[in-house]
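Data first, discussion second: the structure below is written as structure tokens.
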Amino acid sequence: MTGQAKAGRPFKLFRNLNSKIASIPMILTAMVIFLGGTIWTVVYSFTNSKLLPRLNFVGIEQYQRLWAAPRWVVSIENLAIYGILSLIFSLVIGFMLAALMDQKIRFENTFRTIFLYPFALSFIVTGLVWQWILNPEFGVQAVVRSLGWTSFSFDPLYTSEIVIYGVLIAALWQGTGLVMCLMLAGLRGIDEDIWKAARVDGIPMWRTYLFVIIPMMRPVFITTLVIIASGIVKVYDLVVAQTSGGPGISSEVPAKYVYDYMFQAQNLGQGFAASTMMLVTVAIIIIPWAYLEFGGGRKRG
Amino acid sequence: MALKAVNGGDTPFEKKSVSGPSGPKPRPVVSARNIIVYGTLFVAAVYYLIPLYVMVVTSLKGMPEIRLGNIFAPPMEITFEPWVKAWATACTGLNCDGLSRGFWNSVRITVPSVIVSIAIASVNGYALANWRFKGSEFFFAVLIIGAFIPYQVMIYPIVIILREIGIYGSLTGLVIVHSIFGMPILTLLFRNYFVSLPEELFKAARVDGAGFWQIFLKIMLPMSLPIFVVAMILQVTGIWNDFLFGVVFTRPDTYPMTVQLNNIVNSVQGVKEYNVNMAATILTGLVPLVVYFVSGRLFVRGIAAGAVKG
């Protein structure tokens, strides 16, 4: 479309003017907020800004302090445990539910509605509900005890060692429905003939899934993975609602660290350094994916 | 069971009814396979439903009953008191007018944010799909990559910008923020949709002398109802459920519902009123749940489309 007007226009800038005007919000967002904001934060993470951002460079001091802070180290450990487990569990559970749903079952819509409705709820709502269910005085623990097993103990949100697993339970409840949905879409996209061929060859069902279907669903798996992973790094609301980071500092996460230092402790430099580390984490996840998807000469057929 | 005898065909006068097998092989209703499939799905369904059940049940109990019984027991005496209190009189920090204030704030945030973000993104997606200019793909790429950057990295610069403009803490500021962060996924959605429309339509309109806006309003818009619905569902649920931006970019009297809810439930002082808390939780979740149940299939398609391509 741009080619036809090539010849003899004095001002290149005015070609497709309406389109350019329409794109101004996008260009501003991309360049000022996304690119500019990120650079700004990274630059200021090397300063000793306290209450107000100030360009007083101190090198990597903020990062040294960050990694010396027990709270940050706990946050990173929590994020690692929570991240790895929620990746594994949501992929496995999501895929298994999808495989079951794909068996031409009755009431498919009902089941799908039930599995997916938590996704419509916010993390705050999710966190508060599970805080209530896991409440040791009234929740699961109390119920099992009242049945006669008086020594039964299940209070993840009140025990520092396992609190992050309590958060994980809620996160899986909220998120697996979406994974199931994506996987189901992927399964539906696979040719019926493949199943027939596998059946004719006498390959058992689980082997067909493992060695034929899953490799064929690679793109779906990758997108799901990226969606889950970028959600994991951002996890914030859920922890705030469920535990507020407690008991003590045992369920802190990086996103909460950033918020607390920027807006409550008024130690902006620390907040910027921590958020830059989050950015690095995401880059580590995204770059290999982007390379696989868009770079490397496109090996996929 | 009677069929088996027929198939067996021992008795001569029953032979007539057997006219050879036809149609697909009948599957028995009760088989090991079905028991496993439905059994697992049923157990999973119970797990997903329990929190909803607990919320509803708890919100209908009085406090004495909560202290006595377990959370799974149905209420002996149904009371709507907690709902009234959660809506109208529960205290959130300074003021004690319940969630109602937050609800209206959320409405005043969500409605303009959804309209503005979809308006911008649809025009933008259209420009990207049909009126490419030099650099447009580059800006688009930056936008999409930006979607993966943690919000925490960009929050403070935005605080500064909003403060400079003088709208920090106001609902207008939050609307702008939601429009900005909704842009990548929505633009992608619209761009992909407009690219998939037949190009001949666009070309024919151009030959007839229609311009940028004319083609958009008269040809593209009428054809894009499905994608608008999908975008609307994504945005309504996403913006209504937002917590981080609400807490960063608003002040206590402009807090959205999610922030208020968290303050009601996690306030430290006083006796915890679990029934009020759960009523408040349901009230907050109600809008996205209604959107979800009403739009059902579209919601599913919206998530799948928005996500698989994102």
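Considering only region A:109-139, how many residues are of a type outside the set (A, V, I, L, M), in a loop (DSSP other than H, G, I, E, B) and either under 26 Å from residue A:180 (Cβ atoms) or at the interface with chain B (Cβ under 7 Å from one of its Cβ atoms) (or both)? If you could, list the steps in order and put the result at the bottom.
Taking region A:109-139 first, the residues of a type outside the set (A, V, I, L, M) are A:109-113, A:115, A:117-119, A:122-123, A:126-127, A:130-132, A:135-139.
Narrowing further to those that are in a loop (DSSP other than H, G, I, E, B): A:122, A:135-139.
Those left that are additionally either under 26 Å from residue A:180 (Cβ atoms) or at the interface with chain B (Cβ under 7 Å from one of its Cβ atoms) (or both): A:122, A:138-139.
Adding up the residues that qualify gives 3.
Can you tell me which residues in region A:198-211 are of a type in the set (A, V, I, L, M, F, W, C) and open to solvent by 50 Å² or more (accessible area, probe 1.4 Å)?
Step one: filter region A:198-211 for residues of a type in the set (A, V, I, L, M, F, W, C), giving A:198, A:200, A:203, A:205-206, A:210-211.
Residues satisfying the conditions are A:200, A:203, A:205, A:206, A:210, A:211.
Number of residues in region B:202-257 that are open to solvent by 20 Å² or more (accessible area, probe 1.4 Å) and not in a helix (DSSP H, G or I) equals 7. The single condition from (1) at pLDDT 90 or above; (2) over 30 Å from residue B:298 (Cα atoms) that residue B:267 fails is (1). From the list A:65, A:54, the lone residue that is over 20 Å from residue B:157 (Cβ atoms) and either surrounded by fewer than 19 Cβ atoms within 10 Å (Cβ to Cβ) or more than 10 Å from every other protein chain (Cβ to nearest Cβ) (or both) is A:65. Applying a threshold of 6 Å to beta carbon distances and a minimum spacing of six or more residues, or different chains, the list of pairs starting in region B:160-174 at a residue that is more than 21 Å from residue A:268 (Cα to Cα) and ending at one that is of a type in the set (Lys, Arg) reads B:171/B:108.
Being crowded, with 16+ Cβ neighbours inside 10 Å and farther than 18 Å from residue A:60 by Cβ is the filter here; which residues of region A:255-288 pass it? Even if it seems obvious, please write down each step before you answer.
Of all residues in region A:255-288, those crowded, with 16+ Cβ neighbours inside 10 Å come to A:255-262, A:267-279, A:281-282, A:285-286.
The answer is A:255, A:256, A:259, A:260, A:262, A:282, A:285, A:286.
Working carefully through the options A:232, A:249, find the one that is open to solvent by 60 Å² or more (accessible area, probe 1.4 Å), in contact with a helix residue (DSSP H, G or I) (Cβ under 6 Å, 6 or more places away or on another chain) and touching a residue at least 40 places away in the same chain (Cβ under 8 Å).
Working: A:232 fails: open to solvent by 60 Å² or more (accessible area, probe 1.4 Å).
Criteria check complete, one pass: A:249.
Select, from B:122, B:117, the only residue that is in contact (Cβ under 8 Å) with a residue 12 or more places away in the chain, buried (at least 23 other Cβ atoms within 10 Å of the Cβ) and within 15 Å of residue A:21 (Cα to Cα). Answer to the check: B:122.
From the residues in region B:254-270 that are farther than 13 Å from residue B:109 by Cβ and either of a type in the set (Asp, Glu) or in contact (Cβ under 8 Å) with a residue 24 or more places away in the chain (or both), which one is nearest to the other protein chains (Cβ to nearest Cβ)? Quick ask: steps written out before the conclusion?
Let us first name the residues in region B:254-270 that are farther than 13 Å from residue B:109 by Cβ, namely B:261-270.
When the remaining residues are screened for being either of a type in the set (Asp, Glu) or in contact (Cβ under 8 Å) with a residue 24 or more places away in the chain (or both), the result is B:261, B:263-264, B:267.
Values: B:261: 6, B:263: 10, B:264: 9, B:267: 11 Å.
For region B:254-270, the residue satisfying everything is B:261.
Which helices (runs of 4 or more DSSP H) sit wholly inside region B:53-138 and have at least 3 residues that are farther than 22 Å from residue A:31 by Cβ and either among the hydroxyl-bearing types (Ser, Thr, Tyr) or under 27 Å from the mean Cα position of the chain (by Cα) (or both)?
Working: elements: B:63-68, B:81-88, B:100-130.
Counting at least 3 such residues, we get B:81-88, B:100-130.
Got at least one residue in region A:78-94 being crowded, with 16+ Cβ neighbours inside 10 Å, of a type in the set (A, V, I, L, M, F, W, C) and farther than 30 Å from residue A:180 by Cβ? There is no residue in region A:78-94 that is crowded, with 16+ Cβ neighbours inside 10 Å, of a type in the set (A, V, I, L, M, F, W, C) and farther than 30 Å from residue A:180 by Cβ.
Considering each of A:80, A:99, A:142 in turn, give the residue that is within 11 Å of chain B (Cβ to nearest Cβ), free of Cβ contacts under 8 Å to residues at least 12 places away in the same chain and in a helix (DSSP H, G or I).
Working: A:80 fails: within 11 Å of chain B (Cβ to nearest Cβ); A:99 fails: free of Cβ contacts under 8 Å to residues at least 12 places away in the same chain.
Every option except A:142 fails the conditions.
Could you go through region A:170-190 and let me know if any residue there is among the aliphatic types (A, V, I, L, M) and without any contact (Cβ under 8 Å) to a residue 12 or more places away in the chain. Break it down into steps so the answer makes sense when it comes.
Applying the first criterion (among the aliphatic types (A, V, I, L, M)) to region A:170-190 yields A:170-172, A:178-180, A:182-185, A:187, A:190.
Next, from what is left, pick out any that are without any contact (Cβ under 8 Å) to a residue 12 or more places away in the chain: none.
No: region A:170-190 contains no residue that is among the aliphatic types (A, V, I, L, M) and without any contact (Cβ under 8 Å) to a residue 12 or more places away in the chain.
Suppose the filter is in contact with a Phe, Trp or Tyr (Cβ under 6 Å, 6 or more places away or on another chain) and either over 20 Å from residue B:293 (Cα atoms) or in a helix (DSSP H, G or I) (or both); does residue B:264 pass it? The answer is no for residue B:264.
Checked against the criterion of being more than 20 Å from the chain's Cα centre (by Cα), in a helix (DSSP H, G or I) and modelled with pLDDT under 95, region A:158-175 contains one or more residues that satisfy it.
Checked against (1) part of a helix (DSSP H, G or I); (2) without any contact (Cβ under 8 Å) to a residue 40 or more places away in the chain, residue A:74 passes all but condition (2).
Just one of the listed residues (A:183, A:216) is open to solvent by less than 10 Å² (accessible area, probe 1.4 Å) and either within 20 Å of the chain's Cα centre (by Cα) or within 23 Å of residue B:304 (Cα to Cα) (or both), and it is A:183. Picking from residues in region B:139-191 that are among the aromatic types (Phe, Trp, Tyr) and within 9 Å of chain A (Cβ to nearest Cβ), the one that is most open to solvent (accessible area, probe 1.4 Å) is B:151.
The values are calculated or read from the model by the stated rules, or taken from the named source; none is laboratory data. Note that the coordinates shown come from a computational prediction; the quantities given were computed from them, not determined experimentally. Because the Cβ atoms are built from the backbone with ideal geometry, glycine has one as well, and the counts that use them run over all protein chains shown. Surface areas here come from the heavy atoms of the whole protein model, side chains and all, with no ligands, DNA or RNA. Shrake-Rupley method; radii C 1.70, N 1.55, O 1.52, S 1.80 Å.
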